[in-house]
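**Student:** Provided herewith is a single structure, encoded as structure tokens, for subsequent inquiry.
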Amino acid sequence: MTAARLSLFQAALVIARRDFVAVLFSRAFFFFLLGPLFPVAVIATAGALGGSLAETGRPVIAIAMASPDREAFIAAHEAVVPRLGSILPTIVPLDRPVRDPQAELARPGTRWTAIVSGTVQAPVLTGPAEAIEDWKGPVAIIAAQAVHGGEPLFPAVALTSVSTSTAREANGRIRTAQAAQTLMFMLTMLLAGMVLSNLVEEKSNKIIEILAAAIPIDAVFLGKLFAMLAVSLVAIAIWGAAGLGLAALAGKALLILPGPAVGWPLFFALGTAYFAMAYLLLGSIFLAVGALANTVRDVQTLSMPVTMMQLLVFFFATYALSQPGGWAELAAMAFPFSSPFAMIARAARDPHVWPHVLALAWQMLVVAMLVRGGATLFRRRVMKSGGSRVRPWAALARWRARPTGS
Amino acid sequence: MKMELGEQVSHGNTQAPLAIEARGLVKRFGETLAVDGIDISVPEGAIYGILGPNGAGKTTTLRMLLGIIDPDAGVRRVFGHDRPHEIARLIGYLPEERGLYPTMKAVEAIAFMGALRGLPLKEGRRRGHELLDRHGLGHAADKQIRHLSKGMAQTVQLLGSLVHRPRLVVFDEPFSGLDALNQGKLERMIRTLAEDGTTVIFSTHVIAHAERLCERIAIIAGGKVPFAGAVDVARDRIPPQVRLETRVPDGPWRQALPQGAQQEVAPGGSTVWHFALPPDGIEPLLRQLIASEAGILSLSIERAGLHDAFVAIAGEAAARALDSEQAEEMPS
């Protein structure tokens, strides 16, 4: 064997391969994949419950007119429902005369909230004040139709459709941009945390010294980052395939969004690249935090500010979306941590490609600097004999208390 | 201060080139001066011991020599390279804090450690099986590390540090945590490595291991190296001790004994005297004793042990620290 050493990327590949295989075939990864099922299940359950409650809460109006007005009113209701739909209340015919609607509404066990009595020419609506104000219009329309009879009173509207309009397209693309930003943010937050726990686990396994003795720490950091990125992409592919499968089973697209300005293929490519950059940026910060932390408690203490910062960055990028061409958008594109989010939004709205080349180069540069910084921090603060615990706040206090001047 | 490297050190009967050369290494952690100007020269093919109590700076020194951390001052060279990572393929390392991935299979762990040093994984697995078989662990090759005993896991890690056939192996406290049987096996393994031309450096706070294995040692105490050189030279820091047994306790011959000679009564009623070998040797004294009819029953000259040398070189406090650590560490 020659003495030539592994290059930085060869060394990183050794680490990445080990981490990728170890994480991918672990039980933890299987449960991690199931993670998004829980919020989806909660949302689906809440939606179903909401729909059921909405159905239960729909107003029911009793028709207490004498025959044949009662039949005429019900026939008119059926005639206008296809045109007016959900703005009309549900109606129920009463097959007995009601002398006192107020007493009927007060009777225990009654399931209607209002009663229409009188005649179709002069209907009387009895019910709670705030409700009858809303329903008097629909009741009047049904009564008018009942008086008129036959075909609906209002004419059919002829429809001429166009593929899109400029204003609608612009609004639609903002929706696409928002959706892409939100999805990317959620995936980044969900997946970048894995890097943190991975490094802490490495330190608790005490294997880090073997790695540091054989290859540069930069390679360890790079390897871990890229392994976790690859694991994330596998997770996204699995979730995406599962989503598409469900959509196919459901027989319709789960999400219909207007096409982005750069077109869907490039948008997906840029989305992948910006996700990778957002992941690497956040992951490299988490790695540096992991280098300082020795215990899970340290990790929680140190990662909280990073998580909050990332949340602020996301809000900033979202705000920048509402200020196209303004200082906020420029700042969001330039600030490394918001740049991937701002740029994917720009890809949805603007067809130019060159800003993406610049942005990706800039983001890569920052990732490289952060990895180098994290590695330096690791070497300086952690690899010392006795494994003394690093207390960042105590270090900060010492730094503040240091003598100033010469 | 300019550091000069490029020295050769007498090793055995030859002037061996140096595997490791360090001059004036300094390392500070915050306000703690962990290593304070250490000089070490390790000839190729030697078994070299770094001896000192815990906290003396042994691990920090080894980490600097291996490039895990950089010194604040001083220079180091491993096989002539001042960046040890550049010749990682030539070095094997067993750190003091043993660690392996718990869910990795034993043979995979060995192959992975080889891959870190540039050995292709396939070849690493092949050699891993070979090494495990040779050390009686063939049955554990496909077992996960977490299912192995502590001693077996430690052996796996040791084999992982050797799988790429390094020219230099560095063991940090390799005997720590091993039972007597495995300590013996490790001693034999170290000798075999040296016989094959591999340079072995190990740190220890157990003097007996260094005394049995090493030709050269560095004694570290308080971040400094008060002695670095051949074990024989360290022992020679203390004059050999003379043990003289006489039939009677007194007589005119007693005037010939050096001042400070210690006297004790042996179980058979004879008298035993202990004193340092006089600077002019034993022969003049022996002539006087015979001439004055001292009634010599026996006379022996005992060379100082490494422990005595350590006390003389590093001081009583360091020796006491070392003794208490050895007492904790020695296998029952």
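The values are calculated or read from the model by the stated rules, or taken from the named source; none is laboratory data. The model shown is predicted, which means the values in this text are computed figures rather than measured ones. Please note: Cβ atoms are built from the backbone with ideal geometry, for glycine as well, and neighbour counts cover all protein chains shown.
**Student:** Determine if the stretch A:282-290 includes at least one residue that is at pLDDT 85 or above and either more than 14 Å from chain B (Cβ to nearest Cβ) or buried (at least 16 other Cβ atoms within 10 Å of the Cβ) (or both). So that I can check it myself, show each step before the final result.
**Tutor:** If we filter the stretch A:282-290 for residues that are at pLDDT 85 or above, which is where we start, we get A:282.
Then keep just the ones that are either more than 14 Å from chain B (Cβ to nearest Cβ) or buried (at least 16 other Cβ atoms within 10 Å of the Cβ) (or both); that gives A:282.
Yes, the stretch A:282-290 has at least one match.
**Student:** Kindly indicate whether residue B:40 is more than 8 Å from chain A (Cβ to nearest Cβ) and at pLDDT 90 or above. Let's see the steps before the verdict.
**Tutor:** On the way: more than 8 Å from chain A (Cβ to nearest Cβ): yes; at pLDDT 90 or above: yes.
Yes.
**Student:** Here's a follow-up. Looking only at the stretch B:62-91, filter to residues that are in a loop (DSSP other than H, G, I, E, B) and either of a type in the set (Val, Ile, Thr) or more than 10 Å from chain A (Cβ to nearest Cβ) (or both); which one of those is farthest from residue B:114 (Cα to Cα)? Please lay out each step first, then the result.
**Tutor:** Quick first cut of the stretch B:62-91, residues in a loop (DSSP other than H, G, I, E, B) only: B:67-72, B:79-80, B:82-83.
Still in the list and also either of a type in the set (Val, Ile, Thr) or more than 10 Å from chain A (Cβ to nearest Cβ) (or both): B:68-69, B:71-72, B:80, B:82.
Details: B:68: 18, B:69: 21, B:71: 27, B:72: 30, B:80: 23, B:82: 22 Å.
Looking at the filtered set, the residue picked out is B:72.
**Student:** Can you name every residue in the stretch B:92-120 that is facing chain A (nearest Cβ under 8 Å) and basic (Lys, Arg)?
**Tutor:** Going residue by residue through the stretch B:92-120, those that are facing chain A (nearest Cβ under 8 Å) are B:93, B:95, B:97-104, B:112-113, B:115-119.
Hits for the stretch B:92-120 are B:98, B:117.
**Student:** If you don't mind, there's one more thing I want to ask. In the stretch B:69-89, what residues are surrounded by 24 or more Cβ atoms within 10 Å (Cβ to Cβ) and within 15 Å of residue A:5 (Cα to Cα)?
**Tutor:** Answer for the stretch B:69-89, where residues must be surrounded by 24 or more Cβ atoms within 10 Å (Cβ to Cβ) and within 15 Å of residue A:5 (Cα to Cα): B:78, B:84, B:88.
**Student:** If you check residue B:228 against the conditions, is it among the hydrophobic types (A, V, I, L, M, F, W, C) and assigned by TED's automatic domain parsing to the domain that holds residue B:25? Spell out how you get there, then give the answer.
**Tutor:** On the way: among the hydrophobic types (A, V, I, L, M, F, W, C): yes; assigned by TED's automatic domain parsing to the domain that holds residue B:25: yes.
For residue B:228, the condition - among the hydrophobic types (A, V, I, L, M, F, W, C) and assigned by TED's automatic domain parsing to the domain that holds residue B:25 - is met.
**Student:** Quick one: is residue B:145 among the β-branched types (Val, Ile, Thr), more than 18 Å from residue A:20 (Cβ to Cβ) and more than 10 Å from chain A (Cβ to nearest Cβ)? Explain how you work it out, then say what you get.
**Tutor:** Numbers: among the β-branched types (Val, Ile, Thr): yes; more than 18 Å from residue A:20 (Cβ to Cβ): yes; more than 10 Å from chain A (Cβ to nearest Cβ): no.
Spelling it out, it is not the case that residue B:145 is among the β-branched types (Val, Ile, Thr), more than 18 Å from residue A:20 (Cβ to Cβ) and more than 10 Å from chain A (Cβ to nearest Cβ).
Table: residues versus (1) surrounded by 15 or more Cβ atoms within 10 Å (Cβ to Cβ); (2) in the same structural domain as residue A:75 (by TED's automatic domain parsing); (3) more than 43 Å from the chain's Cα centre (by Cα); (4) of a type in the set (Lys, Arg).
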{"residue": "A:91", "(1), (2), (3), (4)": "yes, yes, no, no"}
{"residue": "A:96", "(1), (2), (3), (4)": "no, yes, yes, yes"}
{"residue": "A:112", "(1), (2), (3), (4)": "yes, yes, no, no"}
{"residue": "A:116", "(1), (2), (3), (4)": "yes, yes, yes, no"}
{"residue": "A:120", "(1), (2), (3), (4)": "yes, yes, yes, no"}
{"residue": "A:124", "(1), (2), (3), (4)": "no, yes, yes, no"}
{"residue": "A:127", "(1), (2), (3), (4)": "yes, yes, no, no"}
{"residue": "A:139", "(1), (2), (3), (4)": "yes, yes, no, no"}
{"residue": "A:180", "(1), (2), (3), (4)": "yes, no, no, no"}
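**Student:** While we're on this one: Could you say whether any residue in the stretch A:260-275 is over 23 Å from residue A:236 (Cβ atoms) and of a type outside the set (A, V, I, L, M, F, W, C)?
**Tutor:** The answer is no; no qualifying residue exists.
**Student:** Quick check on this structure: which one of A:128, A:101, A:97 is over 20 Å from residue A:73 (Cα atoms) and without any contact (Cβ under 8 Å) to a residue 40 or more places away in the chain?
**Tutor:** Details: A:101 fails: over 20 Å from residue A:73 (Cα atoms); A:97 fails: over 20 Å from residue A:73 (Cα atoms).
Only one candidate qualifies: A:128.
**Student:** Residue by residue through the stretch B:43-61, note down the ones that are within 13 Å of the chain's Cα centre (by Cα), more than 9 Å from chain A (Cβ to nearest Cβ) and within 17 Å of residue B:213 (Cβ to Cβ).
**Tutor:** If the condition is that a residue be within 13 Å of the chain's Cα centre (by Cα), more than 9 Å from chain A (Cβ to nearest Cβ) and within 17 Å of residue B:213 (Cβ to Cβ), then B:46, B:47, B:48, B:49, B:50, B:51, B:52 are the ones that fit.
**Student:** Scan the stretch A:390-397 and tell me whether some residue there is among the basic types (Lys, Arg), more than 16 Å from residue A:278 (Cα to Cα) and at pLDDT 75 or above. Spell out how you get there, then give the answer.
**Tutor:** Going through the stretch A:390-397, the residues among the basic types (Lys, Arg) turn out to be A:391.
Those still in the list that are more than 16 Å from residue A:278 (Cα to Cα) too: A:391.
Filter once more, so that each one left must be at pLDDT 75 or above: none.
No, the stretch A:390-397 contains no residue that is among the basic types (Lys, Arg), more than 16 Å from residue A:278 (Cα to Cα) and at pLDDT 75 or above.
**Student:** Check whether at least one residue in the stretch B:186-201 is in contact (Cβ under 8 Å) with a residue 24 or more places away in the chain, of a type in the set (A, V, I, L, M, F, W, C) and assigned to a strand (DSSP E or B), and report yes or no.
**Tutor:** There is at least one residue in the stretch B:186-201 that is in contact (Cβ under 8 Å) with a residue 24 or more places away in the chain, of a type in the set (A, V, I, L, M, F, W, C) and assigned to a strand (DSSP E or B).
**Student:** Considering only residues of the stretch A:321-335 that are at pLDDT 85 or above and part of a helix (DSSP H, G or I), which is surrounded by the most Cβ atoms within 10 Å (Cβ to Cβ)?
**Tutor:** Of everything passing the filter in the stretch A:321-335, A:332 is surrounded by the most Cβ atoms within 10 Å (Cβ to Cβ).
**Student:** Still on this structure: Mind listing whichever residues of the stretch A:90-135 are under 12 Å from residue A:62 (Cα atoms) and hydroxyl-bearing (Ser, Thr, Tyr)?
**Tutor:** Listed by number, the residues that qualify are A:90, A:110, A:113, A:117, A:126.
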